[in-house]
1. Once the piece of chain linking Thr66 and Val106 is laid out straight, how much longer is it, given 0.36 nm per residue of separation minus the C-alpha distance between them?
2. In nanometres, what is the gap between the two model label sites at Arg89 and Gln54, each 7 Å from Cα along Cα-to-Cβ?
3. What ranking of Val71, Val98 emerges when the number of other C-beta atoms within 10 Å of each C-beta is taken as an exposure proxy, fewest first?
4. From the phi of every residue in the range 85-92, what ³J(HN,Hα) in whole Hz does the Karplus formula 6.51 cos²θ - 1.76 cosθ + 1.60 yield, where θ is phi - 60° and glycine or proline is x?
5. If I model a spin label as a point 7 Å beyond the Cα along the Cα-Cβ vector, how far apart are those points for Leu33 and Ile4 in nm?
6. For the residues Trp34, Trp65, Trp3, what sequence is obtained by ranking on other C-beta atoms within 10 Å, fewest first?
7. Would you kindly derive the ³J(HN,Hα) couplings of the range 10-22 from the backbone phi angles with the Karplus curve 6.51 cos²θ - 1.76 cosθ + 1.60 (θ = phi - 60°), listing them in order in whole Hz, with x for Gly and Pro?
8. About the Cα centre, and with charges only on the beta carbon of Lys, Arg (+1) and Asp, Glu (-1), how big is the dipole of the range 2-106? Nearest 20 debye, please.
Amino acid sequence: MYWIILIIAGLFEVGFTTCLGKAKESSGAAATLWLAGFFICLSLSMLLLYKASQSLPLGTAYAVWTGIGAVGTVIMGILFFNEPTSFWRLFFIFTLIVSIVGLKFVSSH
């Protein structure tokens, strides 16, 4: 159960970085709404990370949370913000995913 909570926390991290990017591109009321989404996602992400870290080792939980956020944010950047894709960029994202999965398998919980 705590791993599911941690994954959801990581997805909310992707949400807050995406909202931040959209707020940067917007102005006026739209920017304000994206910033509201940023703060909501940020709060939920931190709350869920806290909850997951009650059972999972903190170092593992934090590494997996940031890894999910990093991979998800790169994917969102490629899909929605026209960020570059290159072999090496995708290769290192792949290695990050493998590392996240590896941490899950070697964790004692």
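A short reminder: the numbers here are calculations on the coordinates, not readings from a lab. All of these numbers come straight from a predicted model, not from anything done at the bench. Heads up, the Cβs are rebuilt from the backbone with ideal geometry, glycines too, and the neighbour counts pull from every protein chain shown.
1. Length gained, Thr66 through Val106: 12.7 nm.
2. 4.0 nm
3. Exposure proxy ranking, most exposed first: Val98, Val71.
4. 10, 9, 4, 5, 5, 5, 4, 6
5. Modelled inter-label distance: 3.2 nm.
6. Trp3, Trp34, Trp65
7. x, 5, 5, 5, 4, x, 6, 6, 5, 4, 4, x, 5
8. Roughly 100 debye for the range 2-106.
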